[in-house]
Amino acid sequence: MREPQMCSVLCRITLDAKAAKQFQEKIDDEYRVNMILDNLPLVVPIRRLDQGSPTVYQLGYHVGLKGQYTGSKEEKFFIHNHLAFTVKYHRDPQTDSARIVGFEVKPYSIKHEYEGKWSENTRLTTCDPHTKHTVVNSNTPQEVEANKEIIFTYDVEYQESDVKWASRWDAYLLMSDDQIHWFSIVNSLMIVLFLSGMVAMIMLRTLYRDISKYNELETQEEAQEETGWKLVHGDVFRPPSNSDLLCVYVGTGIQFLGMVLVTMIFAVFGFLSPSNRGGLMTAMLLLWVFMGIFAGYASSRLYKMFKGTEWKKISLKTACLFPGIVFAIFFVLNALIWGQKSSGAVPFGTMFALVVMWFGISVPLVFVGGYIGFKKPAIEDPVKTNKIPRQIPEQAWYMNPIFSILIGGILPFGAVFIELFFILTSIWLNQFYYIFGFLFLVFIILLITCAEITIVLCYFQLCSEDYLWWWRSYLTSGSSALYLFLYATFYFFTKLEITKLVSGMLYFGYMLIASYAFFVLTGTIGFYACFWFTRLIYSSVKID
């Protein structure tokens with residue numbers, strides 16, 4: 001520590017044909033080398049050309065570069081074989097001890113030369129601390145070819161810094177584009193205000209008028225001429241087809257909502273710092289497991305309302321359906337990475353630990369929640385359900401279920417898509433995402449948007465005497481997940497340069513999991529908004 005090194009020779013190797021080919025492939029695919037010193041990732045500082053802009057940090061340095069010699073058209077591969085490290089430290093004035101607050105590198109490609117035969121004491125002529133001859137450029141780069149020798153060297157320079165140890169991550173998490181995030185928030189708020197206006201109009205004017213009109217019906221003749229949403233009061237709480245599956249998805253959505261909400265709150269208060277690598281993922285997994293109790297409770301409460309009797313069956317489905325599908329996709333993706341002999345594959349022990357957490361903690365908690373939820377008295381419907389279902393009149397083209405479901409997903413997606421761009425960039429382009437305050441705001445806006453658009457479309461549906469709202473309310477806001485996946489596909493072809501099949505499959509596999517989770521989350525919000533809305537309006541009219 002604090003002892004500079006100059007031209008330290010690390011090793012000298014001669015590449016065989018196979019190694020040279022592998023290096024060339026890595027350089028062609030723009031692979032980067034990542035290093036960590038005292039839990040700080042290595043960065044390459046890149047000065048912005050426009051004055052006044054802060055230095056941008058690129059994580060890791062490129063293995064090498066492609067280029068041509070002057071006057072030649074042939075493309076050659078050059079390797080970065082000399083690294084000039086700069087370690088920044090903050091000195092404690094009392095004890096004179098120091099702590100590392102920065103870890104930077106400038107990579108160079110240089111064809112090292114020496115005189116005579118190589119031995120342990122050989123001094124390089126291209127980089128020699130005794131003659132103060134250091135590497136400052138890559139004018140004579142080191143080619144990557146079979147049977148060529150490469151000498152790897154490095155310098156270490158120590159610089160005192162005013163940055164305190166507690167603030168050393170600030171440079172990594174520098175927000176260079178907070179204006180775009182504010183634009184994202186404003187964009188989302190405009191959507192919310194527009195929707196809130198519509199909901200307020202429906203609630204205050206139309207509904208108020210409807211309810212007062214329905215409650216003022218004096219004569220039997222007038223009562224016979226019921227129209228609109230009051231007409232379907234005898235069918236609106238009829239259990240839907242596949243009600244078991246709906247209960248399972250609603251329970252899973254509650255589990256997901258709880259996990260996201262608690263994770264966000266922890267992140268906003270700064271408990272999930274990126275300096276604690278993997279902290280966010282670990283927190284999410286643990287919260288998911290412990291939120292199982294709410295999943296069981298929500299699904300069995302709804303199941304009992306639909307006159308279900310086998311709470312154990314519904315709890316088992318809730319505990320296994322969503323995690324089972326996600327785990328199956330994840331297992332296939334992990335097998336692909338493992339087949340590529342990548343260090344990114346999740347080891348077998350970790351997979352086993354995940355399964356133990358799932359069946360050892362999550363499943364029992366879902367059953368506990370299911371038992372508590374089923375023991376409670378069933379939710380009473382505000383109006384009686386007729387024995388014979390009434391016929392649904394022919395609907396206008398714009399009230400077609402598929403059309404209205406697809407329309408319903410546009411606005412929730414529109415409220416989050418700018419923030420989504422930053423999240424995708426941080427995941428796939430190796431950047432830090434640490435603006436949880438913005439993310440939390442966008443998340444709240446997403447909840448409101450999902451609820452409002454579903455209520456608006458549900459009201460229109462009931463007014464056109466179509467009472468099959470249960471599934472449609474879930475799918476209306478849930479369809480935003482379809483747009484999320486389409487956007488991820490668009491992002492793949494416009495922003496990423498992925499050519500390998502396995503890499504492409506990984507991208508789409510993980511985005512499929514993310515979209516599926518988004519569907520469950522948004523769908524549940526829409527469902528509960530509609531559930532509250534229909535109970536509210538039907539409990540406020542007098543039914544003979």
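A few points about this structure:
- Whole-angstrom gap from segment 300-334 to segment 239-288, using each part's C-alpha centre: 16
- Relative to the longest principal axis of the Cα atoms of the chain, the long axis of helix 243-268 makes an angle of roughly 50 degrees.
- For segment 33-38, Karplus couplings with θ = phi - 60° (6.51, -1.76, 1.60), whole Hz, Gly/Pro x: 9, 10, 10, 9, 10, 6
- Apolar share of the accessible surface for the chain: 62 percent from carbon plus sulfur atoms, 1.4 Å probe.
- With bins 10 Å wide beginning at 0, the percent of Cα pairs of segment 112-212 falling in each bin runs 10, 18, 14, 14, 12, 9, 8, 7, 5, 2, 0.
- Loop-located chymotrypsin sites (Phe, Trp or Tyr not before Pro) in segment 251-304 whose Cβ has at most 16 other Cβ within 10 Å (DSSP): 269, 271
- Reduced Cα scattering model of segment 5-172, Debye log10 I(q)/I(0), q = 0.09, 0.10, 0.13, 0.19 Å⁻¹: -0.38, -0.46, -0.76, -1.29
- Taking the average, over residues, of other Cβ atoms within 10 Å as the packing measure, peptides 371-380, 438-447, 453-462, 180-189 rank 453-462, 438-447, 180-189, 371-380 from highest down.
- What segment 5-172 shows is 62 Å² of accessible area per residue, with the surface traced by a 1.4 Å probe over protein heavy atoms.
- Peptide packing for 114-124, 512-522 was compared via the average number of neighbouring C-beta atoms within 10 Å per residue; ordered from the highest value, the list is 512-522, 114-124.
- Segment 431-497 gives an Rg/Rh value of 1.14, both radii derived from C-alpha positions and Rh following Kirkwood.
- Over the chain, equivalent-ellipsoid semi-axes from the Cα gyration tensor in Å: 61, 24, 22
- For segment 114-155 and segment 6-74, distance of Cα centres in Å: 17
- Prolate/oblate/rounded label for segment 309-404 (Cα gyration tensor, a/c 1.5): oblate
- Estimated vicinal HN-Hα couplings, Hz - segment 334-345 in sequence order (Karplus 6.51, -1.76, 1.60; Gly, Pro = x): 5, 5, 5, 5, 4, x, 7, 6, 8, 6, x, 6
The values are calculated or read from the model by the stated rules, or taken from the named source; none is laboratory data. Computed from a predicted structure; not experimentally measured. Every residue, glycine among them, receives a Cβ derived from its backbone with ideal geometry; neighbour counts consider all protein chains shown. Accessible surface is based on the protein model in full, side chains and every heavy atom, while ligands, DNA and RNA are left aside. Shrake-Rupley method; radii C 1.70, N 1.55, O 1.52, S 1.80 Å.
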